[in-house]
Structure formats: structure tokens, C-alpha cells
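Shown next, in C-alpha cells, is the structure this report addresses.
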Amino acid sequence: MKAIKAVKGTKDILPWEIPLWHQIETLCKELFASAGYQEIRTPVFEKTELFARGIGEFSDIVSKEMYTFQDMGGEWLTLRPEFTASVIRSYIQHHYYQRASLHKLWYFGPLFRQERPQAGRLRQFHQFGIELIGSEYPEADAEIITLACDFYKKIGLKDWELHINSIGNTKDRLNYIEVLKKSLTPYVDDLCPTCQDRFDKNILRLFDCKNELCQQILDTHAPKIIDYLSEKDKAHFEEVCEYLDLQNVPYQINSKLVRGLDYYTRTTFEIKSNHLGAQDALCGGGRYDNLVEELGGPSTPSIGFAAGVERLIMALEAEEKASVQLSPPDLYIAPIDNQAYKGIVKYCTHLRNQGFIIETDLLRRSVKAMMREANRKQARFVTVIGSEELNSGTLTLKHLETGQEYPVNWDNLGEFLEKTILPF
RNA sequence: GUGGAUGUAGCUCAGUUGGCAGAGCGCUUGGUUGUGGCCCAAGUGGUCGUGGGUUCAAGUCCCAUCAUUCACCCCA
């Protein structure tokens, strides 16, 4: 029989990897809650149209990367390729704006994109992120960016950079694109083939090119988008920077940072790790002041970010910060005969109910093997139980680290563990 | 969709000019009765990714195919 493997681009999160995932989820919960953000969970699939309208029909994600299918009623549905569209759909559908004028949300979950897998890119991957819906002011931008940075600081990641930029409102950006085209037209023939293609399709993508010659041409001949912003947007961006300075958040203004999703406006930012391969963006975000309205809601300025969990884990591993948190047993009980196996069960349950982590043998192994197992599991105490211990009412707990033995009455077991575990 | 790399034990990998399928780690058991780690010993474990071809003989050479992986594209 041929074994079945996980689908290309998908991965099991293995039992021994789970503690790190819990650590990340817990930090999300604590950090975002500390700023008043509430968790939101939306369905993993939505109507295809939501993403087409939200992300942009001609974006790569929508045009060739979505898992789209028809349900039995013939409706086109899509496994979500990103979170923001779903969150905004929920915001509009449930009229959040009638409850309050500002909403602060966070999320964590799986996303799906049908791309060729490589380092830092999977077909099912996970993101967490936050959305701040309803404020147009630079304080909002600063709060989002600061929270993102705080996350990486608190998780223990060291070697990363924050890049920020402003791509202005739609009108200014279209104007800039015209100027950019004009100033680069003389050099089109020197660009790499993909850039020549991009020149007509989506000229802003030129900035992402990894070809050195293309970058040189851009550096010397491309105007900066910041110089083409309206006075209002320029002032907004300067204020965002000012807020970051106030908190000593280090950043680089990167005029080449143009994000790939169509809905972004004004502030955009990205956090890059210095330890990842080609896919080095840990986290990306920005303003999307028009999205709520475009999806059928009231005009509502908003900003948010999304962060890749697998990439974070890769970066933590590269920096050797992926700490393994085990939950070792407080006590490993090793029964040596049939009676002992039967005699200990009620104590196991009782101690577990008291909150202790108790493990016992389930393979009827030798004492030596059970001791080895207790040691492997890093149990704090181990006890060998035979008829003597059951009849006399006294057992001996051995502290594995020191080898010290402690006689204890069965009735005082919980009390003993409680008292003794703390000092160790 | 395009290009490169790699497929040998559960894991990490050796395997020479074609000539008996290997190591380390892991796992199991034992080293005297009911006590772990270290050490020692034995055991467990492989259709050499798959299918063809060349050859007396293929893990090794040739062709095809699949899988994995990295990169392009794009994005978290």
C-alpha cells in the first residue's frame, strides 16, 4: 500500500513544534489585548468576488494564485488568500461602525495561495495581524507599526529592519506613475526582460527587481514618490515618522517600498529579517483608506499589518531563539506488577485533577526501561510502585536531577509535590 | 509557468575505476532479584524514489518519470 503524503506546499505542525506556536499565539493575545484589540475569526472561505474586489482583479494573487471552486449551488468560492478583505467584509456586514467609531481587531489563522513552494512560502501558511478601522490620523499608523515592532522585540527576534514609505492617495499615485514612466522611458531597453514587461503592466513593481542594473537605473533616474505626494499626505507621513522617533523606533524610509496589494494608500511598511532567503518579509502592512467603501461600506480610513508565522519561526530558528518549552511530568509512576498497575490508577486521576502532570507506564516495561523513560521525559520525580508501597501506605519519590529520595504517604502526595516542586 | 540542485535505514549522511547494503544518532533488550543519565554489548531497521535500458554484474552508467528543495515571478 502506497503511503499518502501531505499535499504539496502544506506542512504538519508537528507535536514537538506546537509549544513554539503556542508561544506565538499567546504573545499575540497578550500584546494586542494590552492595546485594546479584540480577536476576530472569520471563515476560511468566502465568495470569490470579495477577494477579486478587495485585493484587485488583476493582482497576481487573484489572477493566478487562489484556490477557487464551485459549491453544489454553483456559487464561486475561494479559500482565503489573505485576511484583510474578510475582516472588512465582517465589519461591513455586521455594521460595526454603528457600535463605535473605531475598531481594533487582531487575527491568527491559515491562508491559502497556489504558488510554487520555496523557502518561506507555502500553499497553506499562517498569518497573524491587526487592523485598526476608523482613524485617519498618524497616531493610528504609529500605533500599528509600533505594535508590530513590539511583537518582534518581545518574541526575542533581534536582527530585523523596519522600512516605511508613503505611496500617497490614488490620484497622486497615478500622477506619479506618469512621471515615472516619462523619466524611465529612455532607459527601457536597458532593463531586464521582466522589468520591460512590468514597465507597461505595473511599473511600480520595477522597484522590487533584484537585478542590479535595473536598480542602478532606478537609483539614478527614478523620481521619488514622496516628492509627488499632496501637502496633506506628506505632512501625515512626516507625523508618522515623528511618532516613531518619539518612541525610538528605528526605521528606514524606503522610497522603493511599494506593496503588491491594490488597496494600499499612503503609509506602507515592511519588516525584513536579515536571516531569511529570498522571502525575507516578516511582516507587511499599510493604510487602506478606500477599501471599506470599495467593499460597500461607509468611507472609513484604516490601517493594519499581516505577519507570516512560518517565516517568523524560520527567523527565530536562524537566530537560535526558537526556545523549546517542554511540559515535563511532575511525577512519573512506575508500577512493577499487575496489582500495582491497578493500584495506582485512582492516585493518577486524583493528582491530575489537582493540576499535576502525571505520567505512568503503558507498555508494561521493566523498571530499568521505565526509569529511562522518566528520565527522557525529564520528569521531576519518579516513584516505583509494588505491593510493598501499596500495602504500607508509604512510597518513595526520587528526584531525578539530584537522585535524592523522599518517603511520602500516599495521602500526602499532592501536598508534598506542591511544596517540593517550587524549590526545585 | 520557467530554471538549478537533490532523492540510500525513523533522522543526518558515507558508499572508490560498476563487484556481498554501510556509519553515527534514534528505538528495543541486556550488563543478576525493584531504580535513570555515562559506559559496554546485542538486537531492530532499507522494494537504494519509481519504470525502463546497457552489462556476466547497476546504489554507481544512460533514458524517462515522480517527489522534494532552492531561485525567478509574486508575496507574509
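The values are calculated or read from the model by the stated rules, or taken from the named source; none is laboratory data. Every value quoted in this text rests on a predicted model; they were computed, and no experiment measured them. Cβ atoms come from the backbone with ideal geometry, glycine included; neighbour counts cover every protein chain shown. All accessible areas refer to the heavy atoms of the entire protein, side chains included, with ligands and DNA or RNA removed. Shrake-Rupley method; radii C 1.70, N 1.55, O 1.52, S 1.80 Å.
Here residue A:133 meets each of (1) touching a His at 6+ places or on another chain (Cβ under 7 Å); (2) surrounded by fewer than 21 Cβ atoms within 10 Å (Cβ to Cβ) with one exception, condition (2).
Restricting attention to region A:213-234, the residues that are small (Gly, Ala, Ser) and over 18 Å from residue A:268 (Cα atoms) add up to 1. Residue under question is residue A:42, and the condition is that it be open to solvent by less than 60 Å² (accessible area, probe 1.4 Å) and within 22 Å of residue A:132 (Cβ to Cβ); does it hold? For residue A:42, the condition - open to solvent by less than 60 Å² (accessible area, probe 1.4 Å) and within 22 Å of residue A:132 (Cβ to Cβ) - is met.
For region A:237-257, does any single residue satisfy the condition of being open to solvent by less than 70 Å² (accessible area, probe 1.4 Å), over 23 Å from residue A:139 (Cβ atoms) and not in a strand (DSSP E or B)? Yes, region A:237-257 has at least one match. Where helices (runs of 4 or more DSSP H) fall wholly inside region A:1-69, the ranges with 3 or more residues that are out of contact with any His (no Cβ under 6 Å at 6 or more places or on another chain) and farther than 25 Å from residue A:323 by Cα are A:48-55, A:60-64. Output yes when any residue across region A:258-276 is surrounded by fewer than 14 Cβ atoms within 10 Å (Cβ to Cβ), more than 26 Å from residue A:54 (Cβ to Cβ) and within 16 Å of RNA strand B (Cβ to nearest atom), and no when none is. Within region A:258-276, one or more residues are surrounded by fewer than 14 Cβ atoms within 10 Å (Cβ to Cβ), more than 26 Å from residue A:54 (Cβ to Cβ) and within 16 Å of RNA strand B (Cβ to nearest atom). Residue count for region A:141-198 under the criterion of being open to solvent by less than 20 Å² (accessible area, probe 1.4 Å) and part of a helix (DSSP H, G or I): the result is 15.
Within region A:188-204, the set of residues being farther than 15 Å from residue A:176 by Cα and not basic (Lys, Arg) comprises A:188, A:189, A:190, A:191, A:192, A:193, A:194, A:195, A:196, A:197.
Restricting A:388, A:310 to those that are among the acidic types (Asp, Glu), in a helix (DSSP H, G or I) and closer than 30 Å to residue A:131 by Cα reduces the list to A:310. The number of residues in region A:285-316 that are within 12 Å of RNA strand B (Cβ to nearest atom) and either open to solvent by 10 Å² or more (accessible area, probe 1.4 Å) or acidic (Asp, Glu) (or both) comes to 6. Listed conditions (1) more than 14 Å from RNA strand B (Cβ to nearest atom); (2) surrounded by 16 or more Cβ atoms within 10 Å (Cβ to Cβ); (3) in contact (Cβ under 8 Å) with a residue 60 or more places away in the chain are all met by residue A:331, apart from (1). The set of residues from region A:78-93 being within 11 Å of RNA strand B (Cβ to nearest atom) and not in a helix (DSSP H, G or I) comprises A:81, A:82, A:83. Among residues of region A:398-415 being more than 14 Å from residue A:347 (Cα to Cα) and more than 41 Å from the chain's Cα centre (by Cα), the one that is least open to solvent (accessible area, probe 1.4 Å) is A:403. Residue A:105 falls short on exactly one of the conditions (1) over 16 Å from residue A:303 (Cα atoms); (2) away from RNA strand B (no atom under 13 Å from the Cβ), and that condition is (1).
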